[in-house]
Amino acid sequence: MTLAKKIFKFCLYISSAIVLLFLIEGIYFYRIIQRENTLTKADAIIVFNGFRERVEAGYKLALLGYAPNLVVSPADAYHSSTYNRRYGLPESVNVIREEKARTTFENAFYSGQIIRENRFRSIILVTSLYHLPRSLFLSKALLIGQGVKVQIYSPPAGRGNLWFSSSGRKLIHKEMLRFWGSLSEFLYCKAAGGVPDKSLNDFKAVKRLRALFSI
């Protein structure tokens, strides 16, 4: 076999592997996004902050008695106080602050620490519908071996339009690309032995890649 044929065969294998990975990822995203919001009571509600409707949905679940503990990641003392005044909570609900997260991976990482420290055995993960597949994958990856049951919930608004609007499909496409960035963060964290002070997103090469793919 000539060198050119070997190179062609190698490139063909790599291309096939990439296509297969994206196909598997697409099926995974579809299955999670199509999953219905059916919940049972849990030890804690974990909200991955970023948009008001996520926090509002988490507080509504807490008000309905789905869990005695509520974590909003991230939320400092000022924002936690603001949320409590805005949405109100019974005294029976314990609000646990998480103030460090800068990315979705760090949401999962620091929330995972809280889950382990408090020995929660079940949680309800709350975030936007398009954001659920990546958030769920990271949360489960960081809780492997802990025996924690993870349920998922997204605010009802926009659920029916996600697949049928160009803006919704664009959100899913960006999330599928960001998934690989979060996976890189996961590996970077493992190699560094924890979350470094400098986020992976702060590196110039990563910023260029994000700009290139508009993510």
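The values are calculated or read from the model by the stated rules, or taken from the named source; none is laboratory data. All values reported here derive from a predicted model rather than from experimental measurement. Here the Cβ is made from the backbone with ideal geometry for all residues, glycine too, and neighbour counts use every protein chain on show.
Being surrounded by 13 or more Cβ atoms within 10 Å (Cβ to Cβ) and either hydrophobic (A, V, I, L, M, F, W, C) or at pLDDT 80 or above (or both) is the filter here, so list the residues in the stretch 197-212 that pass it.
Within the stretch 197-212, L200, V206, L209 meet the criteria.
Looking at (1) buried (at least 18 other Cβ atoms within 10 Å of the Cβ); (2) modelled with pLDDT of 95 or more, can you tell me which one L162 breaks?
Among (1) buried (at least 18 other Cβ atoms within 10 Å of the Cβ); (2) modelled with pLDDT of 95 or more, the lone unmet condition for L162 is (2).
I114 is checked against (1) more than 20 Å from P155 (Cα to Cα); (2) touching a Gly at 6+ places or on another chain (Cβ under 9 Å); (3) not aromatic (F, W, Y) and fails just one. What number does that condition carry?
Among (1) more than 20 Å from P155 (Cα to Cα); (2) touching a Gly at 6+ places or on another chain (Cβ under 9 Å); (3) not aromatic (F, W, Y), I114 violates only (2).
Among the residues that make up the stretch 126-142, is at least one of them assigned to a strand (DSSP E or B), in contact (Cβ under 8 Å) with a residue 24 or more places away in the chain, surrounded by fewer than 21 Cβ atoms within 10 Å (Cβ to Cβ) and touching a strand residue (DSSP E or B) at 6+ places or on another chain (Cβ under 8 Å)?
No: zero hits.
I'd like to know if the stretch 38-48 contains one or more residues that are without any contact (Cβ under 8 Å) to a residue 12 or more places away in the chain, in a loop (DSSP other than H, G, I, E, B), aliphatic (A, V, I, L, M) and on the phi < 0 side of the Ramachandran plot.
no
May I ask you to list the residues in the stretch 99-118 that are assigned to a helix (DSSP H, G or I) and surrounded by 15 or more Cβ atoms within 10 Å (Cβ to Cβ)?
T104, F105, E106, N107, A108, F109, Y110, S111, G112, I114, I115
Testing L20 on (1) surrounded by 11 or more Cβ atoms within 10 Å (Cβ to Cβ); (2) aliphatic (A, V, I, L, M); (3) not assigned by TED's automatic domain parsing to the domain that holds L129, one condition comes back false. Which one is that?
Every condition holds for L20 apart from (1).
Pull out all pairs, ordered by first then second residue, where Cβ-Cβ is under 9 Å, the residues are six or more apart or on different chains, the first lies in the stretch 160-174 and is closer than 20 Å to L23 by Cα, and the second is of a type in the set (V, I, T) and at pLDDT 85 or above.
Short answer, once both residue conditions are applied: L162/I33; L162/I172; W163/I33; W163/I172; I172/I33.
Out of everything in the stretch 61-98 that is of a type in the set (D, E, K, R) and touching a strand residue (DSSP E or B) at 6+ places or on another chain (Cβ under 8 Å), what residue ends up being surrounded by the most Cβ atoms within 10 Å (Cβ to Cβ)?
E98
Filter the stretch 23-40 for residues that are β-branched (V, I, T) and under 23 Å from L162 (Cα atoms); which is surrounded by the fewest Cβ atoms within 10 Å (Cβ to Cβ)?
Once the filter is applied, the top-ranked residue is T38.
Can you give me the number of residues within the stretch 69-98 that are outside any helix (DSSP H, G or I) and either aromatic (F, W, Y) or under 22 Å from the mean Cα position of the chain (by Cα) (or both)?
Of the residues in that region, 12 qualify.
Could you say whether any residue in the stretch 41-51 is closer than 24 Å to Q113 by Cβ, surrounded by fewer than 17 Cβ atoms within 10 Å (Cβ to Cβ) and over 16 Å from the mean Cα position of the chain (by Cα)?
Yes, that holds for at least one residue.
Scan the stretch 143-188 residue by residue and report those that are touching a strand residue (DSSP E or B) at 6+ places or on another chain (Cβ under 8 Å) and aliphatic (A, V, I, L, M).
Listed by number, the residues that qualify are L143, V148, V150, I152.
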